[in-house]
Amino acid sequence: MSITSKAELEQEERKAGKDLYSYQKGAINKIFKAFDESRDDYHLLYQLPTGGGKTVIFSEIVRQYLKNHNKKVLIMTHRIELCRQTSRMLTEFAVENKVVDSKADLSDQANYSCFVAMVETLNNRLNDNKLDISDIGLVIIDEAHYNSFTKLFKFFSQAFILGVTATPLSSSIELPMTDNYDELIVGESIESLIENGFLARADMYTYNVGLTSLVVGANGDYTVKSSEDLYTADDMLSKLLQAYEERSKGKKTLIFNNGINTSLHVYDTFKRAGYPIAHLDNTNTKKERAQILKWFKNTPDAILTSVSILTTGFDEPSVESIILNRATKSLTLYYQMIGRGSRIFKNKNKFTVIDLGNNFYRFGPWGDNLDWQRIFKSPNYYLDSIISDEELESNFRYEMPDDLRKEFGKSQEVYFDIQKTYVDSIRSGESSKVVLERSIEQHARICVENSEDVYDALGLAKMLGDDIDFRIQRYTKCISKSTYNFVEWLKDDYRKKLNSYLRNNFDTVFEDIHGYPPED
């Protein structure tokens, strides 16, 4: 006998005419309680994870508010897709509404009690006195962590403002949300939504990536230019393809990138490998976007590579895998990207996340028990606690991919600690050069351990490229000398010396390992 989840039971309730889940009803009660007990111009913030139904909640709030108050409602969004989605949801709740976009005819605005507007369009209409807001009693702000909304608060000095967001952390460190909101109500946690069958669980896999070449821009996140320099490199594209083949092959997959050029490189890489993939960015026309998303929806093993455009206003519950082919310093973006795969769909109750930006180490697992109240009240404390890339990478340890590890199956240990060897050599008064010499000896040994002859060993040595590059990067950090040309020369020199060592010492190493010489 199968166990019926709480979500399934409540879905049956919805079919019977009940429109809301119990946690959504609870949230609405809390919000109206705050509304009833606070002054007219109170600013309230409500947090609920992506997939929890924020739009459903505030649509019901609008319905109840208009029923019980002789005032109007305005809902603000930052993207046209969210405008349209919100308008459709309000209609489902029997709330007549008018979308205030750039083409809207406002001559009939007196006939409506609810308006949905994009922030920039609304700003223009208000500055031109084209929209009458004298009777607005409730303002709802979707994705409230964006700062573009705050410039409009001056127009609604006598209205109750309700901001909703999955992550109550401002997109700008200079404009903390606690400066614009009086109170935060924290909704159901991701873990609770997973346990009760409302969200899918994330299986997360991380691949260590050196990020010290990235540059942080004025907005506090990594620049597109420095990200593209890193993520369009052949070794990163190979790592991405390898990660997909190891963890997500055959799954409907979204790949998030930081830069159009990176996404196009990803498209070419997967296309050459024979995988069904499409690219989408904000330069695509409305028709192209619709065609691509329709193809993605209807193709079971489809891969869609994009640039941030799908982080909000996009809902495709059949997504089975999310690849973060970028690093970010934004907790909000991290949660938004992963959230695209969290919807429950048919038999799907878990999804895969591949992290190629050390984001997991920076922010913790998706669904971690974050203290949103503390983050809301003391954002700088939280931001200052985030580990730097240098500190993250100092704790990295290279792990061979499973397929490669099988090639070295006769070796009990394949890891070599460059940093420890460097520290030991310096303490012993030795030159730092012995670090790479000992690393080459260890690499040679594991190649010989798994070979019948020198040709086998040389073949295995060619497979150690990623490990060699990792060791060189760690070594150059130890000696504080890491110019691009020097690092590239060291990588090439290491490979030559490893091959030479194997040719000259294969018989000796083989006999040392086995106690007898190799067969002629």
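The values are calculated or read from the model by the stated rules, or taken from the named source; none is laboratory data. Model, not experiment: these values are computed from the prediction. In this analysis, Cβ positions are derived from the backbone assuming ideal geometry, glycine residues included, and neighbour counts consider all displayed protein chains.
Against the conditions (1) of a type outside the set (A, V, I, L, M, F, W, C); (2) closer than 24 Å to Q242 by Cα; (3) without any contact (Cβ under 8 Å) to a residue 60 or more places away in the chain, S428 satisfies every one except (2). Take S480 and tell me if it is over 25 Å from N395 (Cβ atoms) and surrounded by fewer than 18 Cβ atoms within 10 Å (Cβ to Cβ). Judged against the criteria, S480 is not a match. Residues of region 136-146 include none that is over 19 Å from I31 (Cβ atoms) and either in contact with a strand residue (DSSP E or B) (Cβ under 6 Å, 6 or more places away or on another chain) or without any contact (Cβ under 8 Å) to a residue 60 or more places away in the chain (or both). One residue alone among S189, S227 is surrounded by 16 or more Cβ atoms within 10 Å (Cβ to Cβ), under 26 Å from I292 (Cβ atoms), among the small types (G, A, S) and touching a residue at least 60 places away in the same chain (Cβ under 8 Å), and that residue is S227. Please determine whether any residue of region 381-392 is free of Cβ contacts under 8 Å to residues at least 40 places away in the same chain and closer than 21 Å to I185 by Cα. Taking every residue of region 381-392 in turn, at least one turns out to be free of Cβ contacts under 8 Å to residues at least 40 places away in the same chain and closer than 21 Å to I185 by Cα. Filtering region 18-36 for residues that are modelled with pLDDT under 90, surrounded by fewer than 21 Cβ atoms within 10 Å (Cβ to Cβ), in contact with a helix residue (DSSP H, G or I) (Cβ under 9 Å, 6 or more places away or on another chain) and farther than 24 Å from P168 by Cα leaves a non-empty set. Once region 338-358 is narrowed to residues that are touching a Ser or Thr at 6+ places or on another chain (Cβ under 6 Å) and not aromatic (F, W, Y), the residue that is surrounded by the fewest Cβ atoms within 10 Å (Cβ to Cβ) is T352. A single entry from S425, S394, S385, S411 fulfils the requirement of being hydroxyl-bearing (S, T, Y) and closer than 30 Å to I194 by Cα: S385. So which residues in region 57-84 are in a helix (DSSP H, G or I), under 19 Å from P168 (Cβ atoms) and at pLDDT 90 or above, if there are any at all? Within region 57-84, I57, F58, I61 qualify. Scanning region 241-276 for residues that are part of a helix (DSSP H, G or I) and either over 20 Å from S227 (Cα atoms) or among the aromatic types (F, W, Y) (or both), we see that the one that is farthest from the chain's Cα centre (by Cα) is R272. For I292, the conditions (1) of a type in the set (A, V, I, L, M, F, W, C); (2) in contact (Cβ under 8 Å) with a residue 24 or more places away in the chain; (3) in contact with a Leu (Cβ under 8 Å, 6 or more places away or on another chain) all hold with the exception of (2).
When the residues of region 147-163 are filtered to those that are touching a Gly at 6+ places or on another chain (Cβ under 9 Å) and more than 21 Å from A218 (Cα to Cα), the one that is surrounded by the fewest Cβ atoms within 10 Å (Cβ to Cβ) is Q158. Scanning region 128-156 for residues that are within 23 Å of K103 (Cβ to Cβ) and small (G, A, S) yields a total of 1. For region 326-343, the criterion of being over 19 Å from the mean Cα position of the chain (by Cα) and touching a residue at least 12 places away in the same chain (Cβ under 8 Å) is met by no residue. One residue stands out among those in region 88-103 that are in contact (Cβ under 8 Å) with a residue 12 or more places away in the chain and assigned to a loop (DSSP other than H, G, I, E, B): the one that is farthest from D19 (Cα to Cα), which is S102. If the condition is being of a type in the set (D, E), at pLDDT below 85 and in a helix (DSSP H, G or I), then region 365-410 contributes D384, D389, E390, E391, E393, D402, D403. Here are some conditions: (1) among the polar types (S, T, N, Q); (2) closer than 29 Å to Y381 by Cα; (3) surrounded by fewer than 19 Cβ atoms within 10 Å (Cβ to Cβ); (4) in the same structural domain as K271 (by TED's automatic domain parsing). T178 meets all but one. Which one does it not meet? All conditions are met except number (4). For region 71-92, name all the residues that are buried (at least 19 other Cβ atoms within 10 Å of the Cβ) and over 30 Å from the mean Cα position of the chain (by Cα). The answer is K72, V73, L74. Restricted to region 409-452, and to residues there that are among the acidic types (D, E) and surrounded by fewer than 17 Cβ atoms within 10 Å (Cβ to Cβ), the residue that is farthest from K481 (Cα to Cα) is E452. Within region 328-364, the set of residues being aliphatic (A, V, I, L, M) and in a strand (DSSP E or B) comprises V353, I354.
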